[in-house]
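Here the structure is laid out as structure tokens; the discussion comes afterwards.
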Amino acid sequence: MASRLKDTTLDLPVAPITALIGVFALVGFGIGATGAVALTQLGDGSSLFSGIIFFIILTVAFLLGPLVAVFGGLQIGARLDRSPTAYLSSAIGTIGGYAVMMLVVIIVLSLALSIATSGGGGAAGSAAGSTGGAASTSSGTAAQSSINWMQYLIPIIGVAIPTGLVGVGGAYLGGRQDTTSDDGGRTMAVPLRPALAVVGVAILIAGSVAGAAAVTPGSAINLSSGDPADITVPATQVGYNGGDTLSVYATVNHTGSKLVETTVTAQFMVDGQSYDKWTSKQRVTLQPGESRQLTWTIADLVEGEGVADATDEQQTQINQGNFRIRILVNGEVAYSAPG
């Protein structure tokens, strides 16, 4: 019996497997392209809002895998009947196809997310310029830094296994038990025992990885917003510059564990009073552990006179050093000190 099993091979039909993988890829492109339109049209330049749309579309793609698999399994079962060849072909086609589908979806959505958030950054920069705020700089855009490709690997592996099982179930339901199929297409000989061993090991590995992911903090996709209170402003990294304009600069540090999108405001206060004309805001998105230097243009300076739009009394107070720099994060004071 063992020798017969060892010598047994399965002629797996290439055409149905590649066709099934192609169907998954096509569905993935459709989901990705539809999501790309939603991201670019509805994202509104907000990294957090675009991230939420990204997450919703990705969730839809995850859940559609088994649905595509059952129809693919039914087709393979109808073509190859209830046989080990049909079951293994369906498993290979659905698991491989699901991985291809998710890869296509993630690539298309990531490109759209970069376009959506970079376009929003340009709009934000223009708005900042109109209110006196200067555009901030960083090592990369929020969209680029927020995409962690490895975070998708575990969910894809975890869902690929039940997707493959659904495909096998579809092959069983779609097959006929009492007839012999004649595929007539190109086949590849696969030793039965090694093939079953590979499938078994793959299931064990995927199950172990998925189980570890279930108990590992931060292993799942997390696009939720962090707490703006995790943004700190070191006192040694705040100051102002003169010249043609009065500018305030500060470094903000994100000490939390989740992405944060919030508003950071700089105020130039005179005699204990804040004024709208000397207040400038910037909308920023920070990754956990990220630091960024921000610069706000507060007012024009006139040589020999001082601040261009200051009254005589205000200018007197400024000349006497009676002014203060204040930085607010999400409306809460994070730094305040005399100038």
Failed item in (1) crowded, with 19+ Cβ neighbours inside 10 Å; (2) touching a His at 6+ places or on another chain (Cβ under 8 Å), with ILE298 passing the rest: (2)
Take THR263 and decide whether it is in a strand (DSSP E or B), of a type outside the set (A, V, I, L, M, F, W, C) and exposed (fewer than 14 other Cβ atoms within 10 Å of the Cβ). yes
Name the residue, out of ASP312, ASP271, that is surrounded by fewer than 16 Cβ atoms within 10 Å (Cβ to Cβ) and out of contact with any helix residue (DSSP H, G or I) (no Cβ under 6 Å at 6 or more places or on another chain). ASP312
Filtered residues of region 274-289 (kept if surrounded by 20 or more Cβ atoms within 10 Å (Cβ to Cβ) and within 20 Å of ALA235 (Cβ to Cβ)): SER280, GLN282, VAL284, LEU286
I'd like to check something: does region 292-309 contain any residue that is within 41 Å of the chain's Cα centre (by Cα), part of a strand (DSSP E or B) and of a type in the set (Phe, Trp, Tyr)? yes
Selected residue [buried (at least 22 other Cβ atoms within 10 Å of the Cβ) and either at pLDDT 80 or above or not acidic (Asp, Glu) (or both)] from ILE56, ILE76: ILE76
Complete set of residues in region 236-260 that are modelled with pLDDT under 90, within 16 Å of GLY321 (Cα to Cα) and assigned to a strand (DSSP E or B): GLY239, TYR240, ASN241
Show the residue pairs that are 6+ apart or on different chains and have beta-carbon atoms under 7 Å apart, the first residue being within region 75-103 and closer than 22 Å to VAL159 by Cα and in the same structural domain as GLY174 (by TED's automatic domain parsing), the second being crowded, with 24+ Cβ neighbours inside 10 Å and among the hydroxyl-bearing types (Ser, Thr, Tyr). ILE76/SER89; ILE76/SER90; THR94/THR163; ILE95/THR163; TYR98/THR163
Scan (1) at pLDDT 80 or above; (2) in contact with a helix residue (DSSP H, G or I) (Cβ under 6 Å, 6 or more places away or on another chain) for the single condition VAL14 breaks and write down its number. (2)
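The values are calculated or read from the model by the stated rules, or taken from the named source; none is laboratory data. Predicted model, so just to flag it, every value in this text is computed and none were measured. A quick note on method: Cβ atoms are made from the backbone with ideal geometry, for glycine too, and the neighbour counts reach across all protein chains shown.
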